[in-house]
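Trainee: The structure is given below, and queries will be raised subsequently.
The values are calculated or read from the model by the stated rules, or taken from the named source; none is laboratory data. This one's a predicted model, so the numbers in the text were calculated from it and none came from an experiment. Every residue, glycine among them, receives a Cβ derived from its backbone with ideal geometry; neighbour counts consider all protein chains shown.
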Amino acid sequence: MSYESFRVQESGLASTQDSKLEPELARFAGKDPGANGNALGLNPNLPCTSYTDGANPGLPLLGTEGPVLTLTYQRDTAKTDITYVIETSTDLMSWSSSGVTEQILSTNGTVQTVKASVTVKPKVFMRLRVTE
C-alpha cells in the first residue's frame, strides 16, 4: 500500500490538499516510513504511547534477557516496498547489522512480531532502521 493510500484510508481525507492539518500529518506521517507509523502498523493521525505487545501495533520494545539486548517490533510482510533492518553500534557513529539475530515470535495474517537480539558488549546501542 502506498503512503498516499494509507494516509487517505486512515485519515478519511480525499487528498493531501483537503485539510489544514496536512503539515501535522506530514510531520507525523511523512513519506519516510521511518518517521511514521505506516511501517509499524500505527495510525499516523494518533499519538502512540504504547509498546508492541505482539498482538497490537505499538512502538518497538527494548529489553534485556541476561547479557542479551532485545528489540521487539512488528513488520507487515505485505508492505514489500519497506525494509526493516536492526542495527547495533558501540559509539552511535558506526552502525552494523552484523551479530544481530531475529526470531519471529508470532504471525497474524501478514503481520509478524519479531524479536531481534544481540549479545551486550561493554556498551551497545540498538535501532530499527526502516527504509522505503
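Trainee: Of all residues in region 82-103 being acidic (Asp, Glu) and surrounded by 11 or more Cβ atoms within 10 Å (Cβ to Cβ), which is modelled with the highest pLDDT?
Mentor: Pass one, region 82-103, residues acidic (Asp, Glu): 87, 91, 102.
Those still in the list that are surrounded by 11 or more Cβ atoms within 10 Å (Cβ to Cβ) too: 87, 102.
Numbers: GLU87: 93, GLU102: 96.
So the residue we want is GLU102.
Trainee: Now for a different question. Take the conditions modelled with pLDDT of 50 or more, under 18 Å from THR107 (Cβ atoms) and surrounded by 13 or more Cβ atoms within 10 Å (Cβ to Cβ) and apply them to LEU69. Does it pass? Steps first, please.
Mentor: Working: modelled with pLDDT of 50 or more: yes; under 18 Å from THR107 (Cβ atoms): no; surrounded by 13 or more Cβ atoms within 10 Å (Cβ to Cβ): yes.
No: the conditions fail for LEU69.
Trainee: Select from region 55-66 the residues that are modelled with pLDDT of 85 or more and within 14 Å of the chain's Cα centre (by Cα) and list them in ascending order. Talk me through it step by step, then tell me what you get.
Mentor: Applying the first criterion (modelled with pLDDT of 85 or more) to region 55-66 yields 59-66.
Across region 55-66, the qualifying residues are LEU59, PRO60, LEU61, LEU62.
Trainee: Is it the case that some residue within region 40-54 is part of a helix (DSSP H, G or I) and either surrounded by 12 or more Cβ atoms within 10 Å (Cβ to Cβ) or at pLDDT 80 or above (or both)?
Mentor: Initially, region 40-54 is screened for residues part of a helix (DSSP H, G or I), giving 40.
Restricting the remaining residues to those that are either surrounded by 12 or more Cβ atoms within 10 Å (Cβ to Cβ) or at pLDDT 80 or above (or both) gives 40.
Looking through region 40-54, at least one residue is part of a helix (DSSP H, G or I) and either surrounded by 12 or more Cβ atoms within 10 Å (Cβ to Cβ) or at pLDDT 80 or above (or both).
Trainee: Here is a follow-up. Residue by residue through region 57-100, note down the ones that are part of a loop (DSSP other than H, G, I, E, B) and of a type in the set (Phe, Trp, Tyr).
Mentor: TRP95, the sole residue that qualifies.
Trainee: What number goes with the only condition from (1) at negative phi; (2) over 19 Å from the mean Cα position of the chain (by Cα) that GLY99 does not pass?
Mentor: Just one mismatch for GLY99, condition (1).
Trainee: Continuing with the same structure: Condition (residue is in contact (Cβ under 8 Å) with a residue 24 or more places away in the chain, loosely packed, with under 11 Cβ neighbours inside 10 Å and more than 25 Å from LEU42 (Cα to Cα)) applied to region 104-122: is it met by at least one residue?
Mentor: So far as region 104-122 goes, yes, one or more of its residues are in contact (Cβ under 8 Å) with a residue 24 or more places away in the chain, loosely packed, with under 11 Cβ neighbours inside 10 Å and more than 25 Å from LEU42 (Cα to Cα).
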